[in-house]
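Structure, as structure tokens:
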Amino acid sequence: MNEFYDFLSRGLESMEIDFTSAQLDQCHKYYQILLDWNRKMNLTAIVEEKEVALKHFLDSLMVFKFIPMKGQDHLIDIGTGAGFPGLPLKIFSPKMEVVLLDSLAKRCSFLTEVVRELGLKKVQVIHGRAEDYGRQEKYREKFTLVTARAVTSLPVLLEYCLPFSKIGGIFFALKGPDINEEIEKSMVGIDLLGGMIKDIKHYQLPISGDDRSLIVIEKIKETSNKYPRKAGTPEKHPLSR
């Protein structure tokens, strides 16, 4: 067994996540495609087997410890990049419908290949900006789960993500350990966009012990038609106090 399989399986066992050998194989194939494409474009600075298993796959899958996922869930991963956390969550919750949204066409081409090579069903890859798709009727307030990992600061992220969540849905932001200032600055935006902080989880990644945080925001009312504002505006003028 190579390091990737070893670290991934050990981590999953410690997180008490059920898995099959087929799912481990899918993750390893995903990793191989990631390495291949990373030679042509910058997808990740993390390439070592154990580091990818820990800091990409297991980091993404820690969500399972805190958010119960149902087969009928419809998830959108905003600014998905190389597909984390959306694709690992799909691999280990195969009945879930997943949309992967990214603003870079080359990353979307990579994601399309991963989805095809892994034989994943009910996965849509979209090339575009959250500010534009968050206004489209087909996507606005249609998702039970919205995810974002390592995209931008929380005040900006809220305007990208909360318009996609249906009332009663959950947006969860995967963050590092130092989040107090981001949360404080985000309270105005959370209220304006129809959200409410449901929970904040601080935890450590298995094996490495690296500190991480998960901010869980429930959608409690419709987002005003004012939001999201036009592309680029949330980054320049975040909804913060």
Hits in the stretch 114-132 (condition: free of Cβ contacts under 8 Å to residues at least 60 places away in the same chain, open to solvent by less than 50 Å² (accessible area, probe 1.4 Å) and within 19 Å of Lys230 (Cβ to Cβ)): Ile126, Gly128
Selection from the stretch 83-114 of residues that are of a type in the set (A, V, I, L, M) and within 17 Å of Leu12 (Cα to Cα): Leu87, Leu89, Ile91
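Residues of the stretch 1-13 being in a helix (DSSP H, G or I) and open to solvent by 70 Å² or more (accessible area, probe 1.4 Å), which ones? Steps first, please.
Filtering the stretch 1-13 down to residues in a helix (DSSP H, G or I) leaves 3-13.
Hits for the stretch 1-13 are Glu3, Arg10, Glu13.
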Hits in the stretch 42-53 (condition: under 17 Å from the mean Cα position of the chain (by Cα), open to solvent by 10 Å² or more (accessible area, probe 1.4 Å) and at pLDDT 90 or above): Leu43
Hey, Thr144 in contact (Cβ under 8 Å) with a residue 24 or more places away in the chain and in contact with a helix residue (DSSP H, G or I) (Cβ under 6 Å, 6 or more places away or on another chain) or not: no
Matching option when the condition is among the hydrophobic types (A, V, I, L, M, F, W, C) and open to solvent by 30 Å² or more (accessible area, probe 1.4 Å), among Ile167, Ile217, Ile183: Ile167
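Where in the stretch 103-221 are there strands (runs of 3 or more DSSP E), lying wholly inside it, with at least 1 residues that are at pLDDT below 95?
Answer list for the stretch 103-221: 143-149, 165-175, 195-204, 211-219.
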Hits in the stretch 14-41 (condition: in a loop (DSSP other than H, G, I, E, B) and surrounded by 11 or more Cβ atoms within 10 Å (Cβ to Cβ)): Met15, Ile17, Phe19, Met41
Of all residues in the stretch 62-101 being in contact (Cβ under 8 Å) with a residue 60 or more places away in the chain and in a strand (DSSP E or B), the one that is most open to solvent (accessible area, probe 1.4 Å): His74
Selection count, the stretch 36-49, where residues are under 17 Å from Pro85 (Cα atoms) and out of contact with any Leu (no Cβ under 8 Å at 6 or more places or on another chain): 2
Residues satisfying the stated conditions in the stretch 63-102, i.e. modelled with pLDDT under 90 and of a type in the set (A, V, I, L, M, F, W, C): Val63, Phe64, Phe66, Ile67, Met69
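The values are calculated or read from the model by the stated rules, or taken from the named source; none is laboratory data. Quantities reported herein were computed from a predicted structural model and do not represent experimental measurements. FYI the Cβ positions are ideal-geometry reconstructions off the backbone, even for glycines, and counts take in every protein chain you see. Protein only, heavy atoms only, side chains kept; ligands, DNA and RNA dropped before computing areas. Shrake-Rupley method; radii C 1.70, N 1.55, O 1.52, S 1.80 Å.
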